[in-house]
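K.L.:
Below is one structure. I have some questions about it.
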Amino acid sequence: MNIHHVSIGVRDLNNSKAFYNNILGALGYRPYMEKPGTASWKPIQGGAAFWINKRSDVITDSNNGSHIAFEANSQKQVDQFYELAIKAGALNEGPPGLRPEYRDTYYSAFIVDLDGHKIEAVHCPSK
């Protein structure tokens, strides 16, 4: 069974939409659907949709143990994701690099988005 979609709440839909258009575009995601108060993206090659939903009372804590990891096709995509996110106002939670404590091919970067959600881009090829 696969995940069909994931959604998070955001305070400012327009700012978050621009933010995610930028960083998810670097990972091969394209806008999928948009309705009043919500927007989504899907990978070009197919897969689970990622949704943002306008909420006035978003309360997040980047240290609560949850995060969303987006799969990248290369280390370069991880680097681009991170660079674009930081330029757009995200906080650094772990710059791009190998993370052998997870797996020896695990290359990722962690950011905290505009609303405090911990987001990761990861490239982890099989040996």
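The values are calculated or read from the model by the stated rules, or taken from the named source; none is laboratory data. Quantities reported herein were computed from a predicted structural model and do not represent experimental measurements. Neighbour counts run over all protein chains shown; Cβ positions are idealised from the backbone, glycine included.
K.L.:
Please count how many residues of the stretch 96-127 are more than 17 Å from Ser7 (Cα to Cα) and among the charged types (D, E, K, R).
P.N.:
5
K.L.:
Do we have any residue at all in the stretch 82-91 that's touching a Pro at 6+ places or on another chain (Cβ under 8 Å) and in contact (Cβ under 8 Å) with a residue 12 or more places away in the chain? Outline the logic, then answer.
P.N.:
Initially, the stretch 82-91 is screened for residues touching a Pro at 6+ places or on another chain (Cβ under 8 Å), giving 82.
Now narrow it down to the ones that are in contact (Cβ under 8 Å) with a residue 12 or more places away in the chain: 82.
Yes, the stretch 82-91 has at least one match.
K.L.:
Hey, can you tell me all the residues within the stretch 1-18 that are of a type in the set (Val, Ile, Thr), assigned to a strand (DSSP E or B) and closer than 18 Å to Glu71 by Cβ?
P.N.:
Val6, Ile8
K.L.:
Going by the conditions given, is Ser62 at pLDDT below 95 and surrounded by 17 or more Cβ atoms within 10 Å (Cβ to Cβ)?
P.N.:
yes
A quick yes/no check of all residues on (1) assigned to a helix (DSSP H, G or I); (2) over 12 Å from the mean Cα position of the chain (by Cα); (3) loosely packed, with under 15 Cβ neighbours inside 10 Å; (4) among the aromatic types (Phe, Trp, Tyr):
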{"site": "Asp79", "(1), (2), (3), (4)": "yes, yes, no, no"}
{"site": "Glu83", "(1), (2), (3), (4)": "yes, yes, no, no"}
{"site": "Ile86", "(1), (2), (3), (4)": "yes, yes, no, no"}
{"site": "Gly89", "(1), (2), (3), (4)": "no, yes, yes, no"}
{"site": "Gly94", "(1), (2), (3), (4)": "no, yes, yes, no"}
{"site": "Gly97", "(1), (2), (3), (4)": "no, yes, yes, no"}
{"site": "Arg103", "(1), (2), (3), (4)": "no, yes, yes, no"}
{"site": "Ile111", "(1), (2), (3), (4)": "no, no, no, no"}
{"site": "Ile119", "(1), (2), (3), (4)": "no, no, no, no"}
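K.L.:
While we're on this one: Test of understanding: among Arg55, Arg30, which residue is of a type in the set (D, E, K, R) and farther than 22 Å from Asp79 by Cα?
P.N.:
Going through Arg55, Arg30 in turn, just one is of a type in the set (D, E, K, R) and farther than 22 Å from Asp79 by Cα: Arg55.
K.L.:
I would also like to ask the following. Six or more apart or on different chains, Cβ atoms under 7 Å: show the pairs whose first residue is in the stretch 107-118 and farther than 9 Å from Asn92 by Cβ and whose second is among the charged types (D, E, K, R) and in a loop (DSSP other than H, G, I, E, B).
P.N.:
Ser108/Arg99; Asp115/Arg11; Gly116/Asp61
K.L.:
Within the stretch 2-16, can one find any residue that is in contact (Cβ under 8 Å) with a residue 60 or more places away in the chain, among the hydrophobic types (A, V, I, L, M, F, W, C) and in contact with a Phe, Trp or Tyr (Cβ under 8 Å, 6 or more places away or on another chain)? First the steps, then the outcome.
P.N.:
We begin by selecting, within the stretch 2-16, every residue in contact (Cβ under 8 Å) with a residue 60 or more places away in the chain; these are 6, 8-12, 15-16.
Those left that are additionally among the hydrophobic types (A, V, I, L, M, F, W, C): 6, 8, 10.
With the extra rule that they be in contact with a Phe, Trp or Tyr (Cβ under 8 Å, 6 or more places away or on another chain), the set shrinks to 6, 8.
Yes, the stretch 2-16 has at least one match.
K.L.:
Of all residues in the stretch 19-59, how many are in a helix (DSSP H, G or I) and either loosely packed, with under 13 Cβ neighbours inside 10 Å or touching a helix residue (DSSP H, G or I) at 6+ places or on another chain (Cβ under 6 Å) (or both)?
P.N.:
Total meeting the criteria: 2.
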